[in-house]
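The values are calculated or read from the model by the stated rules, or taken from the named source; none is laboratory data. Since the model is a prediction, treat every value here as computed from it, not as a measurement. Here the Cβ positions follow ideal geometry from the backbone for every residue, glycine too, while neighbour counts run over all protein chains shown.
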Amino acid sequence: MLKRHLLAVWSLSTAVLVLGVAGCGTTPSANTTAKTSVTSNENAGPHVGGSISINASPHGPWADVFNPYVPGENQDDIVPDIYEPLVQWNGTNGTDLPWLAKSWSWNKSKTVLTVHLQHGVTWSNGKPFTSKDVVFTMDMLKKYPAIDGNALWSYMTSIKANGKYQVQVTLKKPNATFFYYFSETLIVPKFQFEGKNPVTYKDSHPIGTGPYMLKTFNSQQITLTRNPHYWQKGKPYLETVYYPAETSNESTILGLATGKIDWATIFSPDLKTSFVAKNPADYHISTDSSGFDDLYLNLQDYPLNELVVRKAISMAINRHLLSVIGESGYSTPASQNGVGTSMAAEWSTPSLQAKYAAVFDPTKAKEMLLHAGFTMKNGVMMTPKGQPFTIDMDVPAPFSDFVTMSSQIKSMLGAIGIQVNEDTVSANEYLTKLETGDFQAGICWTPSGPNPYFTQNGLMNTKFSGPIGKTAVGMNYERYSNPEVQTLSGEFNATENPQKQKKIIAELGKIMATQLPVITLLNRNEPIEYSTATIAGWPTSSNPYWNAAADSGPIVVLTHLYQK
């Protein structure tokens, strides 16, 4: 599934929007000579041809898996170029962008959603896309709950096709968040997935409705080619998209600086020097704010399941240093209530943000543990059971910012006697361990959405958890359970009143700040790197048609890019 989406809470009326004119791309990642010899033709406008090389995140070697529902695989950045959702949501202006769905409407009680599909859409093999594919995809999630990552069937009672181009969804009761989750779901073809187990089916030869098709695969590079059957006539403009398998943030930055990579969303300590300065006229950076970087602790493990322990750990962490040293100031220290700086003005108050601000006080952190029955022995904190307090922290090798922050946290906790053992693992192993609960501690991003509820609920609702050893349906990796969260979630979903929703967000924020199911570290603000050397059509300040993040499904931007 996509790492993050921002979709409107309610879509109350029929939505119809004409899709905008788009663009095209650069040259093969391995062919830097061809890049430098391109004749500028930007004024000619969008036209078919060229290529682009993208590395949204350095996951390491690719796996031959394109099924968007297989847990633990690393193709999240690529699959949305092949498989599409019903709707895209534009975080830059807060509007829904019809995609496979051209319009939708609710009945008066907001329990029945009717979706009208685009006509003339085909799969990349030329077969028609119809309502049966949408119904099949949703029924597949019902049959295999482990892949229902947004818990859609906790809201739905049924889905049916009314002819080839209409789908009708009936809900158990009105739900303010359902459309967000439903419309972001990637639709797969019935003829391809029928009879397959989507939990394990690799889908090595994907057939999608998206602008690109798989051309070649190897573990070091995935190559996509233009879909000649794409339903948005004339698009995409770029002929080829390359996804090289980078092993680290450093190798990705080197690829950007040398022109081998055109687009990325990765961290580097000094992008102005390592990237922009290499070609100031064409190398650009922007940022993408989405959720937080959190320290996840396994709440099934003693003593991490003790609240006093989580409070002491939080108090021992200097978030200012994490921001400055770990993230070069891109990501800033966060409040503990799950309300980020970009949403605080609308969904919180200055007093609440100040009340739930993280406090750095290692002396008090140590005192709290000693008062709770922990003891110090030769500089080592001992649990009340007489064992050294040791935490095993999984560290994803490709993500240099997480590596640095993990090392800093190890030092900070060591200062109060807590020993941290760092276990460096691959990106895939790191995510799999979090998803299955096979971890004690690890830094990771959080879910996000159009308001803080999607982060708060996504982290704490048991719908997004799972038993230890089983893949969590969502990002409740810590396995937190609190009946009050479930009650507040129901109340939020039952109202469309912003003031009532704001009060519920405040209550959920109080739980996050006082119970610390996760330890919030930083407001996540990812750098975005892109090159205009051979490619035009990027979002700009004068035309901010979309967010340029390459790691949240770049399909909209890709359909705007074109070769100069």
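Within region 166-177, residues that are charged (D, E, K, R) reach partners that are part of a strand (DSSP E or B) with beta carbons closer than 7 Å, at six or more positions or on different chains, in the pairs K172/T157. Taken as a whole, the structure places T559 among residues that are in contact (Cβ under 8 Å) with a residue 60 or more places away in the chain and among the polar types (S, T, N, Q).
Apart from one condition, G149 fits all of (1) at pLDDT 95 or above; (2) in a loop (DSSP other than H, G, I, E, B); the exception is (1).
For region 52-84, the candidate set comprises residues that are out of contact with any strand residue (DSSP E or B) (no Cβ under 9 Å at 6 or more places or on another chain) and of a type in the set (D, E); within that set, the residue that is farthest from T258 (Cα to Cα) is E84.
All conditions in (1) among the polar types (S, T, N, Q); (2) in a loop (DSSP other than H, G, I, E, B); (3) over 25 Å from the mean Cα position of the chain (by Cα) hold for T273, with the sole exception of (2).
Going by the structure shown, is K433 surrounded by 15 or more Cβ atoms within 10 Å (Cβ to Cβ) and within 30 Å of the chain's Cα centre (by Cα)? The answer is yes for K433.
For region 509-524, residues that are touching an Asp or Glu at 6+ places or on another chain (Cβ under 9 Å) and surrounded by 20 or more Cβ atoms within 10 Å (Cβ to Cβ) total 8. Please find, among K190, K278, the residue that is under 30 Å from K110 (Cα atoms) and in contact (Cβ under 8 Å) with a residue 12 or more places away in the chain. After applying the criteria, what remains is K190.
Yes/no matrix, rows are residues, columns are (1) farther than 29 Å from S290 by Cα; (2) modelled with pLDDT under 95:
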site	(1), (2)
E84	no, no
Q88	no, yes
K102	no, no
K127	yes, no
I159	yes, no
N162	yes, no
T170	yes, no
E184	no, yes
P189	yes, no
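Of the strands (runs of 3 or more DSSP E) lying entirely inside region 179-266, those containing at least 3 residues that are surrounded by fewer than 21 Cβ atoms within 10 Å (Cβ to Cβ) span 212-218, 221-226. How many residues, within region 92-114, are part of a loop (DSSP other than H, G, I, E, B) and buried (at least 22 other Cβ atoms within 10 Å of the Cβ)? Within region 92-114, residues that are part of a loop (DSSP other than H, G, I, E, B) and buried (at least 22 other Cβ atoms within 10 Å of the Cβ) number 2.
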